[in-house]
1. Per residue, how big is the convex hull of region 25-122 when only Cα atoms are used? Give it in Å³.
2. How big is the shadow of the Cα convex hull of the chain, averaged over all directions, in nm²?
3. Taking amide H atoms as placed 1.01 Å from N in the peptide plane, list the residues 5 or more away in sequence, or in a different chain, whose amide H sits under 5 Å from that of Arg147.
4. Output ³J(HN,Hα) for region 177-184: one whole-Hz value per residue in order, computed from phi by the Karplus curve 6.51 cos²θ - 1.76 cosθ + 1.60 with θ = phi - 60°, and x for Gly and Pro.
5. So who's got an amide H within less than 5 Å of the one on Glu117, skipping anything under 5 residues away but keeping other chains? H placed 1.01 Å off N, in plane.
6. Using the Karplus curve 6.51 cos²θ - 1.76 cosθ + 1.60 with θ = phi - 60°, what ³J(HN,Hα) values do you get for each residue of region 151-160, in whole Hz, with x for Gly and Pro?
7. Hand me the chymotrypsin sites (Phe, Trp or Tyr not before Pro) from region 103-208 located in a DSSP loop with no more than 13 other Cβ atoms within 10 Å, in residue order please.
8. Just add up the charged neighbours of Ile87: K/R +1, D/E -1, any other residue whose Cβ is under 15 Å from the Cβ of Ile87.
Amino acid sequence: MTPQSHSTRAPAPEDVKAQLRTSIRKARLHRSERRNEELAQSLRDLALEDPAIAPAQCVSVYASRPHEPGTLPLICALHDRGVKVLIPRLGDGLQRGWSLYQGAEDLVERAPGRPPEPSGEFLPADAIQEAEALVVPALAVDAEGTRLGQGGGWYDRALEQVRDGVPIIAFTFAAEFRGPGELRLPREQHDVPVHRVITPQGTTSLPA
């Protein structure tokens, strides 16, 4: 009898990413709202000390959803400093763009499952060129700067508009950062690497 052959082909990167997203999202659900608020304050304090964010007059920050690394404390602190805070915004026909943060009461979920958005003037995609630093969401980051996003590709497309040399900083939880010597995340051609990762436990510069 001919021995049955077994496929040794590695899974496609998109399949690996999908499995990782599922497991990380499930793990995030176990954190309480109070714990998430505490971690968000730690992220704020570390981000405000970042050498790119501290002197900036315009910073782009994602508006976090429940169970994501929280950004509202950072957004409020930057706003109180007089910093322009650009937040992602969807326009007509899912057009990618931005709006300036004007206050916590203006930041609301405008469609189920979508991140909160400001209601001010819709700014086109190239408005991100004003930003001096960007804080982006991540489900995971590795030591090479590879970021695992939510899967929609929104940020990978938006980051194409960022000026050269502007640091891209990912927020994630400590267990979701794969440091040196740990298994790398799959990276595809369209994946834009990040320059630093901030977890509630500290900041790590990456060779992006």
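1. It is 112 Å³ per residue.
2. 14.3 nm²
3. Residues meeting the amide H criterion: Val194.
4. 9, 9, x, x, x, 8, 4, 6
5. Here Val108, Glu109, Arg110 satisfy the definition.
6. Once rounded to whole Hz, the list reads x, x, x, 4, 6, 4, 6, 5, 6, 5.
7. none
8. -1
Throughout, read-outs are computed from the coordinates displayed, never taken from laboratory work. The shown structure was predicted, so the numbers you read here are calculated from the model rather than taken from an experiment. Every residue, glycine as well, gets a Cβ built from its backbone with ideal geometry; the counts of neighbours run over all protein chains shown.
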